[in-house]
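Enquirer: Here it is: the structure, laid out below.
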Amino acid sequence: MAFKMSVQDYKGKINEVEIGKGDKAFKVGGEEALSFYSFDGAAGQTPKVGVEILDIYPEEWIPALQELYKDVANNPAEWAKFVEKELNPDFICLRLIGADPNGLDKSVEECAEVAKAVAEAITLPLVVAGTGNHDKDAKLFEKVAAAVEGKNVLVLAATEENYKGVGAAAGLAYGHKVGAESSVDINLAKQLNVLLGQLGVKTEDVVMHIGCSAVGYGFEYLISTVDRIRLAALSQNDKTLQMPIITPVSFETWNVKEAVADVEDAPDWGCKEERGITMEISTATSIITVGADAVIVRHPKSLETVKKFVAALA
């Protein structure tokens with residue numbers, strides 16, 4: 001008797017969300033089965049890989065990255081153009097850490113002008129991330145959403161504390177996509193999606209950021225949470241969890257001890273730069289295989305490796 005492979009029949013489908021404008025705009029999501037399980041159903045859109053840049057000089061980044069961007073790092077628009085031309089990511093993530101009240105505390109108007117300059121300097125889709133300070137981000141994203149009107153950016157992210165302000169500005173007033181940020185918990189992710197829906201933000205305008213951690217740092221809990229979200233979305237047809245997932249890998253992996261310890265302090269660990277790259281690649285590839293539809297990385301070698309990984313699996 002010939003072998004007949006069993007097929008898992010899923011009831012649900014992940015929404016497709018379009019980010020960007022023009023020829024380089026792309027969609028994320030669309031899966032009708034678990035990631036890369038094309039034998040069970042449609043695999044959806046290929047996962048996308050973006051590169052992080054900052055609105056200020058990257059003082060805390062490793063010397064190798066500072067050297068790479070030394071001619072452009074003081075000008076975010078030029079930095080973005082350099083990344084688009086030289087590195088060829090799927091998108092660019094502008095992180096507005098200059099607005100952090102615990103840092104430079106730049107005005108939201110100044111940061112909005114930076115976001116506008118970056119959006120106009122590139123043809124790639126743009127993701128704009130905030131400071132992590134919920135109150136400041138609510139004010140920041142209101143100005144940023146207006147400044148980049150018509151660019152269809154992904155604003156990362158709305159939280160339970162500020163979703164009304166962020167969702168109303170980005171998702172309703174100016175027609176952008178909204179990142180829904182929760183803390184590695186399926187119930188919190190679902191609740192925030194429901195709240196955004198009640199606010200009036202369309203489900204096809206929401207991308208989930210359910211949290212991130214570097215491999216070895218509670219990463220198995222992140223993996224299990226993504227698993228539960230995807231199984232609920234597909235097997236149970238839970239429409240409140242059928243949003244694509246974006247994971248800002250670089251925000252976490254370059255802060256752990258394996259990536260920041262100097263060679264003098266940990267001689268057995270080897271090259272500091274290579275350690276950081278390894279942490280970033282390991283985290284990004286792992287979360288993609290579980291369900292992330294887009295990831296954000298920092299190092300060009302990470303970008304190259306993860307893109308090759310995705311192409312080989314797709």
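The values are calculated or read from the model by the stated rules, or taken from the named source; none is laboratory data. Keep in mind the model is a prediction, meaning the values are calculated, not measured. Here the Cβ positions follow ideal geometry from the backbone for every residue, glycine too, while neighbour counts run over all protein chains shown.
Enquirer: Got a sec? Which strands (runs of 3 or more DSSP E) wholly within segment 5-56 have at least 1 residues that are surrounded by fewer than 20 Cβ atoms within 10 Å (Cβ to Cβ), of a type in the set (V, I, T) and in contact with a strand residue (DSSP E or B) (Cβ under 7 Å, 6 or more places away or on another chain)?
Expert: Passing ranges: none, list empty.
Enquirer: Mind telling me which of the residues M243, M279 ends up being buried (at least 18 other Cβ atoms within 10 Å of the Cβ), assigned to a loop (DSSP other than H, G, I, E, B) and touching a residue at least 40 places away in the same chain (Cβ under 8 Å)?
Expert: The conditions single out M243.
Enquirer: So for segment 86-103 (the condition being modelled with pLDDT of 95 or more, more than 17 Å from the chain's Cα centre (by Cα), surrounded by 21 or more Cβ atoms within 10 Å (Cβ to Cβ) and not aliphatic (A, V, I, L, M)), does at least one residue qualify?
Expert: Scanning segment 86-103, I find no residue that is modelled with pLDDT of 95 or more, more than 17 Å from the chain's Cα centre (by Cα), surrounded by 21 or more Cβ atoms within 10 Å (Cβ to Cβ) and not aliphatic (A, V, I, L, M), so the answer is no.
Enquirer: Can I ask one more? Quick test for you: out of D238, D293, D262, D268, pick the one residue that is buried (at least 22 other Cβ atoms within 10 Å of the Cβ) and of a type in the set (D, E, K, R). Give the derivation first.
Expert: Values: D238 fails: buried (at least 22 other Cβ atoms within 10 Å of the Cβ); D262 fails: buried (at least 22 other Cβ atoms within 10 Å of the Cβ); D268 fails: buried (at least 22 other Cβ atoms within 10 Å of the Cβ).
The conditions single out D293.
Enquirer: Select from segment 182-192 the residues that are out of contact with any Gly (no Cβ under 6 Å at 6 or more places or on another chain) and more than 12 Å from M243 (Cα to Cα) and write down the one among them that is surrounded by the most Cβ atoms within 10 Å (Cβ to Cβ). Steps first, please.
Expert: Step one: of segment 182-192, the residues out of contact with any Gly (no Cβ under 6 Å at 6 or more places or on another chain) are 182, 185-192.
Now restrict to residues that are more than 12 Å from M243 (Cα to Cα): 182, 185-188, 191.
Numbers: S182: 23, D185: 15, I186: 19, N187: 9, L188: 18, Q191: 15.
Among those residues, the one meeting the criterion is S182.
Enquirer: Count, please, the residues in segment 72-100 that happen to be over 23 Å from V178 (Cα atoms) and among the β-branched types (V, I, T).
Expert: Looking only at that region, the number is 2.
Enquirer: A further question on this structure: Among the residues that make up segment 63-71, is at least one of them more than 19 Å from the chain's Cα centre (by Cα) and polar (S, T, N, Q)? Before the answer, list the steps.
Expert: Taking segment 63-71 first, the residues more than 19 Å from the chain's Cα centre (by Cα) are 63-71.
If we keep only those that are polar (S, T, N, Q) as well, we get 66.
Yes, some residue in segment 63-71 is more than 19 Å from the chain's Cα centre (by Cα) and polar (S, T, N, Q).
Enquirer: Quick test for you: out of K202, K308, pick the one residue that is surrounded by fewer than 24 Cβ atoms within 10 Å (Cβ to Cβ), of a type outside the set (F, W, Y) and more than 19 Å from F91 (Cα to Cα).
Expert: Values: K308 fails: more than 19 Å from F91 (Cα to Cα).
So the residue among K202, K308 that is surrounded by fewer than 24 Cβ atoms within 10 Å (Cβ to Cβ), of a type outside the set (F, W, Y) and more than 19 Å from F91 (Cα to Cα) is K202.
Enquirer: May I ask you to say which residue of A168, A145, A121, A112 is surrounded by 24 or more Cβ atoms within 10 Å (Cβ to Cβ), at pLDDT 95 or above and over 25 Å from Y221 (Cα atoms)? It would help to see each step written out before you state the result.
Expert: Working: A168 fails: surrounded by 24 or more Cβ atoms within 10 Å (Cβ to Cβ); A121 fails: surrounded by 24 or more Cβ atoms within 10 Å (Cβ to Cβ); A112 fails: surrounded by 24 or more Cβ atoms within 10 Å (Cβ to Cβ).
Answer to the check: A145.
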